[in-house]
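Q: Could you have a look at this structure, given as structure tokens, before my questions?
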Amino acid sequence: MQITAAVVRSQGADFTIEQLELDELRHNEVRVRLVATGICHTDAIVRDGVYPTPLPAVLGHEGAGIVEAIGDSVTSVAPGDHVVLAAAYCGHCKRCRRGEMAYCENLFAADFGGRRLDGSTALSKDGEAISSHFFGQSSFATYANVVEESVVKVNPDVPLEHLGPLGCGINTGAGTVLNELKPEIGSSLAVFGAGAVGSAAIMAAKVADCSIVVAIDIHDSRLELARELGATHVINSLTEDVAARLREITGDAGIDYVVDTTARPELLRQAAEAIGVRGTIALVGAAKPGTEVAFEIGASLVKGWTFKTVVQGSSVPQVFIPQLIQLWQEGRFPFEKLVQNYELSQINEGFADSKSGVTVKPVIVF
Ligand code: NAD
């Protein structure tokens, strides 16, 4: 069938709106009519060639839509169901079998390969192959053939145009706190980078009853929003010494948990300086392959601290996304405050507004 999609044709180029051919549904796929899709920083770094998805490609991995048709072996959804689309996983490696699909051993092929796992692409234009199946979905398009693993059935009473960002950024920030770090009631948590992922981490820290929640960013507008979402303290890293302020805020105890969404080595060093005894730093931000960080390991040995990387909030999307929707319905997770809507034709504006700090979470509504 013919679809309309935003295509990135070369590294760093703007997206162009084009008519493409979407192929036949495979037995393990679901055809989804997209209602909305979030724009995530990960789309930007793939557009810019930091991760090697073959171009031209249709990106987009925070889709929300309605099931139009299902392949023969699909059992989890039926036509008419409302769905949120999350990251893909193979479903059969050791990690997937353990419920750790965020760490799927075939994650790179399933999410960034630009092809189905059988090597085919669902998208073409006049015979030219266009990469599809980005995160199992390629949701910057009016329709997508999505692998069943990416599909999360949601309550039809909740407006679908709100739900796209739950598929990646919001799931990642909230899951890093609630699924991976699991902070004790009354503990302290700092979020480096109060963008979409960081804001979700801040809301989750409030849900988890952390008593100190610190937001760190370079945009005062984002720090103001962070306060509204639950931050008890804010630090502008352009004008303040982050490690010194964190020590001051925690009465010299050091911070119990850090969620870093900036992937900036100089900030991670400051996080390590400010981490408390038995503290944990969770790196979520994506840096260019080859990026290194140097830490002090002499005096800090006795702190028994941990540095770890966290993918997709360590969540099982089909379990965690409905939980986030419930928190939102209870008014405890107001992620709609981050969102600004755009039309598909305004996709480049959405990316630019995210980069400049004007919009925390751009969402394309079809
Ligand atoms: P974003 O651009 O909305 O947020 C990043 C924030 O960091 C911005 O608010 C920015 O102002 C802030 N920042 C930049 N430099 C800073 C500095 N020197 N000091 C303080 N703050 C600074 O991006 P996002 O969508 O929230 O994504 C964040 C990162 O997480 C990206 O790298 C993205 O690729 C990655 N990501 C990882 C996963 C995962 O599974 N690990 C999932 C989703 C996104």
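Q: Output the residues belonging to the stretch 194-218 that are part of a loop (DSSP other than H, G, I, E, B), crowded, with 18+ Cβ neighbours inside 10 Å and out of contact with any strand residue (DSSP E or B) (no Cβ under 6 Å at 6 or more places or on another chain). Step through it out loud before you land on a result.
A: Initially, the stretch 194-218 is screened for residues part of a loop (DSSP other than H, G, I, E, B), giving 194-195, 208-211, 218.
Of the ones still in play, those that are also crowded, with 18+ Cβ neighbours inside 10 Å are 194-195, 208, 210.
Selection gives G195, A208.
Q: Further, regarding this structure: When you scan the stretch 232-246, do you find a residue that is modelled with pLDDT of 95 or more, within 11 Å of the ligand (Cβ to nearest atom) and assigned to a helix (DSSP H, G or I), even just one?
A: There is at least one residue in the stretch 232-246 that is modelled with pLDDT of 95 or more, within 11 Å of the ligand (Cβ to nearest atom) and assigned to a helix (DSSP H, G or I).
Q: Out of curiosity, is R278 farther than 23 Å from L107 by Cα, in a helix (DSSP H, G or I) and among the basic types (K, R)? Lay out the reasoning, then the answer.
A: On the way: farther than 23 Å from L107 by Cα: yes; in a helix (DSSP H, G or I): no; among the basic types (K, R): yes.
Considered against the rule, which asks whether it is farther than 23 Å from L107 by Cα, in a helix (DSSP H, G or I) and among the basic types (K, R), R278 comes out as no.
Q: Check S300 against each of (1) in a loop (DSSP other than H, G, I, E, B); (2) assigned by TED's automatic domain parsing to the domain that holds A208 and name the one condition it does not meet.
A: For S300, the failing item is (1).
Q: A follow-up question, please. Please count how many residues of the stretch 247-263 are touching a strand residue (DSSP E or B) at 6+ places or on another chain (Cβ under 6 Å) and either near the ligand (Cβ under 10 Å from one of its atoms) or assigned to a strand (DSSP E or B) (or both). Let's see the steps before the verdict.
A: Applying the first criterion (touching a strand residue (DSSP E or B) at 6+ places or on another chain (Cβ under 6 Å)) to the stretch 247-263 yields 249-250, 253-260, 262.
Those left that are additionally either near the ligand (Cβ under 10 Å from one of its atoms) or assigned to a strand (DSSP E or B) (or both): 255-260, 262.
Of the residues in the stretch 247-263, 7 are touching a strand residue (DSSP E or B) at 6+ places or on another chain (Cβ under 6 Å) and either near the ligand (Cβ under 10 Å from one of its atoms) or assigned to a strand (DSSP E or B) (or both).
Q: Please work out if D81 is at pLDDT below 95 and surrounded by fewer than 20 Cβ atoms within 10 Å (Cβ to Cβ).
A: Working: at pLDDT below 95: no; surrounded by fewer than 20 Cβ atoms within 10 Å (Cβ to Cβ): yes.
No; evaluated as a whole, the condition is false for this residue.
Q: Any idea which residue in the stretch 172-193 is surrounded by the fewest Cβ atoms within 10 Å (Cβ to Cβ), counting only those that are within 16 Å of the ligand (Cβ to nearest atom) and among the hydroxyl-bearing types (S, T, Y)?
A: Result: T172.
Q: Here's something else I'd like to know. Can you tell me which residues in the stretch 184-199 are in contact (Cβ under 8 Å) with a residue 40 or more places away in the chain and at positive phi?
A: The one that is in contact (Cβ under 8 Å) with a residue 40 or more places away in the chain and at positive phi: G193.
Q: State yes or no: is R26 over 20 Å from the mean Cα position of the chain (by Cα), surrounded by 15 or more Cβ atoms within 10 Å (Cβ to Cβ) and either part of a strand (DSSP E or B) or within 16 Å of the ligand (Cβ to nearest atom) (or both)?
A: Values: over 20 Å from the mean Cα position of the chain (by Cα): yes; surrounded by 15 or more Cβ atoms within 10 Å (Cβ to Cβ): yes; either part of a strand (DSSP E or B) or within 16 Å of the ligand (Cβ to nearest atom) (or both): no.
Considered against the rule, which asks whether it is over 20 Å from the mean Cα position of the chain (by Cα), surrounded by 15 or more Cβ atoms within 10 Å (Cβ to Cβ) and either part of a strand (DSSP E or B) or within 16 Å of the ligand (Cβ to nearest atom) (or both), R26 comes out as no.
Q: Anything in the stretch 342-357 that is surrounded by 14 or more Cβ atoms within 10 Å (Cβ to Cβ) and touching a helix residue (DSSP H, G or I) at 6+ places or on another chain (Cβ under 8 Å)? List them, or say none.
A: Y342, F351, S354, G357, listed by residue number.
Q: Quick check on my filter: what residues within the stretch 311-341 are part of a strand (DSSP E or B) and either among the β-branched types (V, I, T) or touching a residue at least 24 places away in the same chain (Cβ under 8 Å) (or both)?
A: Answer for the stretch 311-341, where residues must be part of a strand (DSSP E or B) and either among the β-branched types (V, I, T) or touching a residue at least 24 places away in the same chain (Cβ under 8 Å) (or both): V339, N341.
Q: Taking the stretch 90-113 on its own, how many of its residues are charged (D, E, K, R) and buried (at least 21 other Cβ atoms within 10 Å of the Cβ)?
A: Result for the stretch 90-113: 1.
The values are calculated or read from the model by the stated rules, or taken from the named source; none is laboratory data. Everything numeric here is computed off the predicted structure, so don't read it as measured data. Positions of Cβ are generated from backbone atoms using ideal geometry, with glycine treated the same way; all protein chains shown enter the neighbour counts.
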